[in-house]
Amino acid sequence: MAALYEGFTLCGLVQTQNASDSPIQGIELDGDSDHAVVTDSTRSVTLYKVSDQKPLGSWTVKQGQLLTCPAVFNFQTKEYVVVSDNKVIRVWKDEDLNLDKAFKATVTADVWRVHSAPGGEPVVLFQRGAVRFLDSLLSAPQQPVEDVLSEEEVIRWSTNIVAEEQHFVLFTTEQKGECCLYVQRLNPNTLQKYRLEREDSGASPLSFSASLQDKHLNLLYLYPNGCVYQSVVAARGYVGLEGVQALPRSLRLMVPVGEGELGAASAVALDEAHVAVVGVPHPSARTGKDFLCIWNTNFQTLQAGKEMAGRIHGQVWCYLGKLFVSHGKALSVIPYECQKSSLASALGKLRHTGLAGNAALPHGTSTGRISIKCNCSQRNVKLGVNCVQPQPHQTGPVDEVQREVEALVSRGDAQDLQLSVGQLACHLVARSQAETAFYTPVALAQLVQTQFLCHSVCPGLLLLSLEHKDYFLCQLCLQLFPDIPEVVTCACLKTFISNEVLQTPYSDNFLLPHLKDLDTQQVILFLQYLQFVYLKYSQDVYTQTPGLRSPTMTQIIDWVCLLLDAHFTVLVMAPDAKGLLSNLQSFVKSQVKLFSELGKIESSLQELHKMKLSKDISQYSIEVIELF
Amino acid sequence: MGEFKVHRVRFFDYMPTAIRAMAFNAHTERLALGRMDGSVEIFNFADRYFQEKVIPGKDSRSIEALCWVGGRLFSAGLNGEITEYDLETLRPKYSLEAYGGPIWTITSNSQGAHLAIGCEDGTVKLFEVLEESIQFERNLDRQKGRIISLSWHPSGTQIAAGMMDMIRVFDVPTGRAVQRLLVDRGFGGSKSRETVVWSVVFLSDCTIISGDSAGKVQVWDGHTGTLVKTHLVTKWDVLALSVSKDESSVVVGTSEGTVIQFQFIAPTLQQQQDKEWVRTRTFKNHTHDVRALAEIETAIVSGGMDTQLVVRPLLEKFDERSHASALRKIQFPHRNLVFCAKKAGLLLFQFPGQLELWRLGESDGHGKPGDSLPLKRKPEKLLHLKRKGEDHICCSALSSCGGWLAYSTMSSVRLYRLQTDNNDISISKVPKLPKILRSAHQLCFSSDSSKLFAASSQSSVLVIALSQSECKYVHTLKPKSGSRQPIHLMTNSVDGKWLATANSDCEIHVYNVQKLKLHCIVPVYGSCPSAMGIHPTTNNLTMVHADQQIFEYSIVEKQYTDWSRKLQKQGLHNLWLDRDTPVTHVTFNPKNPEQILLHDMHMFCIIDQSLPLPDQKTQFYNQMTLRSLSEQERPSHLHAFKICKTFQVCFNGDVPGYLPCSTSSGPSRSQPFPPNHRGLGWTSQSSTGQHKHTSLITGAYLVVAALTPDRRRCSRYSSSACGAHTLSQSGSRAPRRPAPAASEVGVGSGHSSGAAWIGTADLDTHSP
């Protein structure tokens, strides 16, 4: 699971004359984790204390000069480095007030970027692809700089990665619609060039993001059609390979793009399973492409979304649990949290390599596509999938739909079924939502029972069944869906209380806020129920068999704890909860006492294990011994 | 050498009671130990920790604290009385009601002029120590809440008092409370419980160190009343504190059974001036609460609920390894609690509250070494005799014919006539004992059961003539030395002529009982005799001392025998001298006059005087080696000391022989169980909870092994000449009931460490 928290504005942005230009060149960290170095598109560098939203210092170059690369912090010398007018490298310290008086060096070629990261020396990437360590460059600024790239090849994006004695500079280039990735390893220096696969539309990627995971460099890139691809390059090896390698890619995510293509959008990997995408539409909202969303790439599920006011510049930075997004006239900081999702816990693993999504779910091989298409269909966009037939479920009455579903379910082809069941369910749910009179409980139940469905495939189903008070279907879903979000679990709780709810997987952090939505009466009822269940089971602990659909003692206790955590103050105030609480307290007390007594017995009995058994345990015997 | 039949008896249900208090007298090197049953034991630390004296307990007495003033011993307890003990008559000299409710603590100032007690009613009472008694002087300012612990400042002008949730400092001359130190409560659930300051010490630099029920050891500045440092050492209670003489070290005892040392040292080598109290070492020698502690010059002495006294040497104080640098655990009394009527085959068990009389079982089978013989008759409990009155039994005796039984408490002696007629037993109290016979330190019947000897005050012995019709005072045997010390050992010869006594002054007197006069005094040796016996045929007196030395003295010739001189000249083997429990019984093999039998808690030993003495290079414990040798090789490896440390060793072998016999008995240690968290209250201090729990698991029990003579062989000897021997052995963990919960780790399985030999008695054989 992932969540976006309440954000705040770090600073306002100066509008540039050219609307397509971003008002910010870059955001970098310095030695303090709460600091951000923001370089605007013109002349100034500002250091902010993020939590206070307060500038700590600002440096500006003279009128007429222009900063051409984001300022970076040299972690080794504690100095800031920036490049003005492509060729002038400026180095200054925190206490320097005037940038003009700071150290300057003019180099012989145009600089693209200076990159710096903790644990590594800053490196300078020239526009023609050459790479130098900053130190060695400053010691001889007038040294010749070679051209690596061909005439018309231009750098689009670059980054550097420092990890455990390895230092990489990665940059992508574009030349006549062909994109390449260069991986420059430093110490020893090797350069490897990879050609990115061409997208059918011929478009170039909108954004790149790179990370080092499990000794592999992962490159994530977003195309205007909403596809997020991942390519993996081994961090070691291939050193000897000459020439240009083709870089294989895998589709990690298909973000629904709505009408038209994405303009200014950007994707950044948050961890191995989560991607933040800015400048995309929210699948369930119709307004423009001005959302920040976190997607789970393993399960193709939208985890969190937030609307960003104003025009999105397609820029997102991710530092230390915070996303920095420039939009409209502001730079916003949005804290986020990613956790192993309940679905992942339920399945027992997270996929590390990028090929998940196809195989991670037991329910289907291409759920990713399905879910996206379903989302599309809800928004009444033209379907991109070949439906099995021109179906009655679009318009037909309930019994016709029922027949169709039966026909579909009775067909044996599992592979095909997986696709169509998901589609069908989505259509039915969408139609039910649109037409209040239309509801097909039997058909839906049949579809759920195929076990090809999960919550991500058809997010509306469970809520729909709740709406219609179809508890049978609800129960069925709770039983069979492994990936029910906590908010929905709570919604179910509100409506009815069951053994199945308690058994659904959840994670405390995400459940707690939603549990708070329950009102007092519901809480009391729920507590009473839990106490009843606990008492019932504690009476016959041994008869509990794992195969039965009953929650374990631990599950019950966990829920009691959660419920009390969420509502303790309310319950203390509520007069009608008093009896229940004191009951619960005395019950817990007696249990604690019982267990402490059991603990004593246990340690005593444990001693018995240590004792050796003697063959002779009689109280009296007459034995013969011999002495010499 | 021979085969023996061992009677293993595991129904001596003796359990020492928990240790509640102790006080060490550095001047006399005596440790006084108070137990839950009100008994007081005196250990001589200068003489191998020998348990020199035992003042028996009393139902109404409770000991909460002990205190020495010079050579005088005081105790105070929850019965509200202060008691001074007479260490010569082994009884309380007087008891004084303090009128302050239960007394939690008693302590004297360093000058020895005053005693301070802490009472339940919140008063600290001062008593002046007079020549023969003590006298109430005054109260210090009365406080709200009980006074749990007290400590005088060495100057004697201030007293620190541990209370509930606080420590008070009193100015003694004015009696005013001058400081109030608030003690924090525990965390979590214990927040609502008052913190009991179980123990305080007041150092000469006005530092106060306290231990409390929240598990804290706190260091305070007594001048300003400020807290200097808190050490959280346990989840439960810190019960006892003791400071070393030079005030450089403090030890604390916790209810987890640990003893933790704090030392006043500089934390770094650079700053030797800035010393602070630093936790240095943790010892875990107890399974339960450590209730009493003393830090002596070279060791930490601790005791508690698990009933054993542990002497933990501080190894940095020793230059070389010796018996003194070894950890010592004293679990059982250093004297006999089991007696055997050899002619009748009866066993007498002495408990503080009752006597038990058992008839040994019989078997008529013959077996190889290692066999358990089939029982023809099971052992049988004949009698359970409860004492009368409040005083606990201090000594008892059974005549060898099984016809007389006597016991003494502090206040009275009782004599019974026993008649066993096949399976019936009748007991009748002998009325009208001579008035002079009021109490006895030791009792013993002559071998022909015609006389009863009772050790009385000032080392004198009363001789009482017994007959079917009457019981008559004959004479008082008095030592010439005029010693006022009590007799702790008494033995007489089989021919009825000699009686030997030993007292705490280490004097051994031999009396001629027929002439009723002193025959001779054995030259005084510096260590207390722990056991002695008179040889049935040669009338040589064999003595073993607390320091493990063995002497043989010819009563007839009034001089040490040649063997004894030879033994002293050559010296005992170091392994013998380094043993850590005293020999508690000496007896002789009737069939081989050259064999002496002795035992301590862990082993029994047969000394064959005809064999060469082992020198230091000889393998001392050689039974295993001997077994592995062939019969031809064996004689060249034999030496005089034949030691059976474990029954396992004894079980193997195939040479049939003749044999004497022995019994053994003793308690076992209780099994560990989680420490009970104790509140403040009397029930928490009673030992019932513990023992109940203990018996639930394994119980306290005892192994008694008796060696009875092989009847086949015995028939060759006349009954009078055939004095077979009985050893008592105890302490193996044997189950009291055959429940699966109590499995046995006894002697039989080779766990010698659990075995303890407590007493021996002579057992005569039946005439065929």
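So which of B:497/B:591; A:589/B:284; B:317/B:617; A:54/A:78 end up more than 24 Å apart by C-alpha? Could you put the intermediate results ahead of the total?
Values: B:497/B:591 21 Å; A:589/B:284 32 Å; B:317/B:617 29 Å; A:54/A:78 21 Å.
Table pairs above 24 Å Cα-Cα are A:589/B:284; B:317/B:617.
Close amide-amide hydrogen proximity is noted between residue B:199 and B:211, each under 5 Å apart and 5 or more residues distant or on a separate chain (H modeled in the peptide plane; Pro and chain starts excluded).
As a calculated quantity, the FRET efficiency between residue B:78 and residue A:606 at R0 = 45 Å, using C-beta atoms, amounts to about 0.80.
Note down the magnitude of the dipole of the stretch B:326-398 about its Cα centre, charges +1 on Lys and Arg C-beta and -1 on Asp and Glu C-beta and zero elsewhere, to the nearest 20 debye. Numbers along the way, then the final one.
Values: 14 positive and 7 negative charges, 18 e Å.
Charge dipole of the stretch B:326-398: 80 debye, to the nearest 20.
For peptide A:593-605, the mean count of partner chain Cβ atoms within 10 Å of a residue's Cβ comes to 2. Directionally averaged projected area (the stretch B:1-130, Cα convex hull): 11.0 nm². For the pair residue B:280 and residue B:435, the difference between a 0.36 nm per residue extended length and the Cα-Cα distance amounts to 49.9 nm. Remark: the stretch B:19-255 carries a charge dipole of roughly 680 debye about the Cα centre, counting +1 on each Lys and Arg Cβ and -1 on each Asp and Glu Cβ. Ignoring lysines fewer than eight residues from residue A:516 along the same chain, the ones with Cα atoms less than 25 angstrom from its Cα are A:306, A:340, A:469, A:494, A:578. Of the residues B:268, B:304, B:318, the one whose Cα sits farthest toward the positive end of the charge dipole of the stretch B:256-330, with +1 on the Cβ of Lys and Arg and -1 on the Cβ of Asp and Glu, is B:304. When you count the other C-beta atoms within 10 angstrom of each residue and take the mean per peptide, B:355-364, B:251-260, A:182-191, A:567-576 line up highest first as B:251-260, B:355-364, A:182-191, A:567-576. Rolling a 1.4 Å probe over the protein chains gives residue B:417 an accessible area of about 40 Å².
Any idea of the accessible area per residue across the stretch B:19-255, 1.4 Å probe, to the nearest Å²? Walk me through the numbers before you get to the answer.
Values: 8490 Å² over 237 residues.
Heavy-atom accessible area per residue stands at 36 Å².
Less than 5 angstrom separates the built amide H of residue B:475 from those of B:463, all sequence-distant by 5 or more or on a different chain.
Kindly identify the stretch B:256-330 as rounded, prolate or oblate by the Cα gyration tensor criterion: order the square roots of the eigenvalues as a ≥ b ≥ c, call it rounded if a/c is under 1.5, otherwise compare a/b with b/c, prolate if a/b is larger, else oblate.
oblate
Near the amide H of residue A:625, within less than 5 Å, lie the amide hydrogens of B:4, B:5, B:6, B:370, all on another chain or at least 5 residues away, with H placed in the peptide plane. Model label points for residue B:592 and residue B:634, set 7 angstrom from Cα along the Cα-to-Cβ axis, are 1.0 nm apart. Chain A and chain B together bury an accessible surface of about 3600 square angstrom, both sides counted, with a 1.4 Å probe and no ligands or nucleic acids included. From the Kirkwood radius over Cα pairs of the stretch B:522-656, Stokes-Einstein at 10 °C and 1.306 mPa s returns a whole-number translational diffusion coefficient of 101 µm²/s. Cross-link reach is defined here as a Cα-Cα straight distance under 19 Å, omitting same-chain residues fewer than 8 places apart; for residue B:432 the lysines meeting it are B:388, B:451, B:472. Please compare each pair in A:49/A:104; A:600/B:125; A:193/A:215; B:480/B:645 to a cut-off of 30 Å on the Cα-Cα distance and tell me which ones are over it. The answer is A:600/B:125; B:480/B:645.
Only the Cβ atoms of Lys and Arg (+1) and of Asp and Glu (-1) were treated as charged; on that basis the dipole of the stretch B:256-330 about its Cα centre amounts to roughly 200 debye. Place a label point 7 angstrom from the Cα of residue A:198 along the Cα-to-Cβ direction, then list the residues of the stretch A:137-174 whose backbone nitrogen is under 16 Å away. Counting backbone N atoms under 16 Å from the label point, the list is A:174.
The mean accessible area for residues of the stretch B:256-330, using a 1.4 Å probe and ignoring ligands and nucleic acids, is 47 Å² per residue.
So if R0 is 25 Å, what FRET efficiency would residue B:557 and residue B:450 give, r being the distance between their Cβ atoms, rounded to the nearest 0.05? E(calc), rounded to 0.05, equals 0.40. With a 10 Å cut-off around each Cβ of B:617-630, the average count of Cβ atoms from other chains is 1.
Among the trypsin sites (Lys or Arg not before Pro) in the stretch B:466-551, those located in a DSSP loop and surrounded by at most 13 other Cβ atoms within 10 Å of their own Cβ are B:480, B:515.
Under the classification rounded if a/c is under 1.5, otherwise prolate if a/b is larger than b/c and oblate if not, where does the stretch B:19-255 fall, given a ≥ b ≥ c as square roots of the Cα gyration tensor eigenvalues? Verdict is prolate for the stretch B:19-255. Here's the list of lysines a cross-link from residue B:229 could span, going by alpha-carbon distance under 18 Å and ignoring same-chain residues fewer than 8 apart: B:216, B:275. Of the residues A:311, A:198, B:142, B:634, the one with the largest accessible area comes first in the ranking B:142, A:198, A:311, B:634, computed with a 1.4 Å probe on protein heavy atoms. When the surface is traced with a 1.4 Å probe over the full set of protein chains, residue B:185 keeps roughly 80 Å² accessible.
Would you mind calculating the relative contact order of the stretch B:256-330 from Cα pairs under 8 angstrom and at least 6 residues apart, reporting the percent as a whole number? Let's see the in-between values first.
Values: 137 pairs, mean separation 16.5, N = 75.
That works out to 22 percent.
Here the spin labels are modelled as points 7 Å beyond Cα on the Cα-Cβ line, and at residue A:590 and residue B:297 they lie 6.2 nm apart.
Shown is the FRET efficiency for residue B:111 and residue B:141, computed with R0 = 22 Å from the Cβ-Cβ distance and rounded to the nearest 0.05: 0.50. Paramagnetic label reach from residue B:321 (point 7 Å along Cα→Cβ; backbone nitrogen cut-off under 19 Å): within the stretch B:546-573, residues B:573. Comparing the full protein assembly with the isolated chain, the residues of the stretch B:1-29 losing at least 50 square angstrom of accessible surface (1.4 Å probe) are B:4, B:6, B:8, B:10.
The values are calculated or read from the model by the stated rules, or taken from the named source; none is laboratory data. Quick caveat: nothing in here was measured; it's all calculated off a predicted structure. Heads up, the Cβs are rebuilt from the backbone with ideal geometry, glycines too, and the neighbour counts pull from every protein chain shown. Side chains included, ligands, DNA and RNA excluded: accessible areas come from the protein's heavy atoms. Shrake-Rupley method; radii C 1.70, N 1.55, O 1.52, S 1.80 Å.
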